[in-house]
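The values are calculated or read from the model by the stated rules, or taken from the named source; none is laboratory data. A quick note: this is a predicted structure, and the numbers were derived from the prediction, not measured. Positions of Cβ are backbone-derived with ideal geometry, glycine not excepted, and every protein chain shown enters the neighbour counts.
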Amino acid sequence: MRPAPGEVLHFSENPTIERFVPQAVPTRPGEQPYVWAVDAELAPAYWFPRDCPRAMAWAGAGTTAADREQILGPGGGVRVHAVEYAWLERIRTVRLYAYRLPGAAFHPLGDPVPHAHVATEPVEPLGPPIRVPDLFDLHREAGIQVRVLPNLWAFWDTVISSTLEFSGIRLRNAIPRTTPTRT
């Protein structure tokens, strides 16, 4: 599920949106309100329920063979998305929709690498929302590993200290870090 040329996508669990109006991010008061969307490259990061915490890593130009082997694994492809067991059933059952939006209304946000596309004016979808198919099938077809872990933090800490490129979304919703028990 990726946008066609000239389009961006907005993923939502709400199938009734007729017009997207810029909104401020609740965790960043005072910032510019935006309509948020993603391009084809960024779309896989949103093949999840909205509030699902996920840690993602992929090979980039500066990724070492050792980090690729350690984190992505042998024959592991170039990308992995990690989620927690607590979210597994929700990922299986969520009804997720993709809204096609006109790409010309948006500009990339993020420097040096965009992490979203945003519009500052209201935007109307190009048509009705499209039901996103099975999320695990999407990942499989895209060659993206999905790892289901008891807790994201050990994976996240390893990824951010590696040469892989990475992104974390909704990590505030992850199970809290655990402190090893001493015996």
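Quick grid of which residues meet (1) touching a residue at least 24 places away in the same chain (Cβ under 8 Å); (2) within 27 Å of Glu69 (Cβ to Cβ); (3) of a type in the set (Gly, Ala, Ser):
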{"site": "Leu96", "(1), (2), (3)": "yes, no, no"}
{"site": "Pro102", "(1), (2), (3)": "yes, no, no"}
{"site": "Asp111", "(1), (2), (3)": "no, no, no"}
{"site": "Leu126", "(1), (2), (3)": "yes, no, no"}
{"site": "Pro133", "(1), (2), (3)": "yes, no, no"}
{"site": "Arg140", "(1), (2), (3)": "no, yes, no"}
{"site": "Ile144", "(1), (2), (3)": "yes, yes, no"}
{"site": "Val148", "(1), (2), (3)": "yes, yes, no"}
{"site": "Leu152", "(1), (2), (3)": "yes, yes, no"}
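Any idea which residue in the stretch 53-70 is surrounded by the fewest Cβ atoms within 10 Å (Cβ to Cβ), counting only those that are more than 20 Å from the chain's Cα centre (by Cα) and assigned to a loop (DSSP other than H, G, I, E, B)?
Filtering first and then ranking leaves Ala61.
Would you confirm, using the coordinates I've provided, whether Ala59 is closer than 24 Å to Ala154 by Cα, among the aliphatic types (A, V, I, L, M), at pLDDT 95 or above and touching a helix residue (DSSP H, G or I) at 6+ places or on another chain (Cβ under 8 Å)?
Against the criterion (closer than 24 Å to Ala154 by Cα, among the aliphatic types (A, V, I, L, M), at pLDDT 95 or above and touching a helix residue (DSSP H, G or I) at 6+ places or on another chain (Cβ under 8 Å)), Ala59 does not qualify.
Return yes when Arg131 is surrounded by fewer than 16 Cβ atoms within 10 Å (Cβ to Cβ) and touching a helix residue (DSSP H, G or I) at 6+ places or on another chain (Cβ under 6 Å) and no when it is not.
no
Can we say Leu101 is surrounded by 14 or more Cβ atoms within 10 Å (Cβ to Cβ), farther than 23 Å from Asp39 by Cβ and aliphatic (A, V, I, L, M)?
no
If I filter the stretch 149-183 down to residues being over 15 Å from the mean Cα position of the chain (by Cα) and not in a loop (DSSP other than H, G, I, E, B), which single residue comes out as surrounded by the most Cβ atoms within 10 Å (Cβ to Cβ)?
By that ranking, first place goes to Val159.
The conditions are (1) touching an Asp or Glu at 6+ places or on another chain (Cβ under 9 Å); (2) of a type in the set (A, V, I, L, M, F, W, C); (3) buried (at least 19 other Cβ atoms within 10 Å of the Cβ), and Val94 fails exactly one of them. Which is it?
Condition (3) is where Val94 drops out.
Go through the stretch 88-141 and report how many residues are among the hydrophobic types (A, V, I, L, M, F, W, C), touching a Lys or Arg at 6+ places or on another chain (Cβ under 9 Å), assigned to a loop (DSSP other than H, G, I, E, B) and more than 13 Å from Arg19 (Cα to Cα).
3
Please enumerate the residues belonging to the stretch 7-38 that are modelled with pLDDT under 95 and loosely packed, with under 11 Cβ neighbours inside 10 Å.
Selection gives Gln23, Pro26, Thr27, Arg28, Pro29, Gly30, Glu31.
Can you tell me how many residues within the stretch 1-52 are small (Gly, Ala, Ser), touching a residue at least 60 places away in the same chain (Cβ under 8 Å) and assigned to a loop (DSSP other than H, G, I, E, B)?
The qualifying residues number 2.
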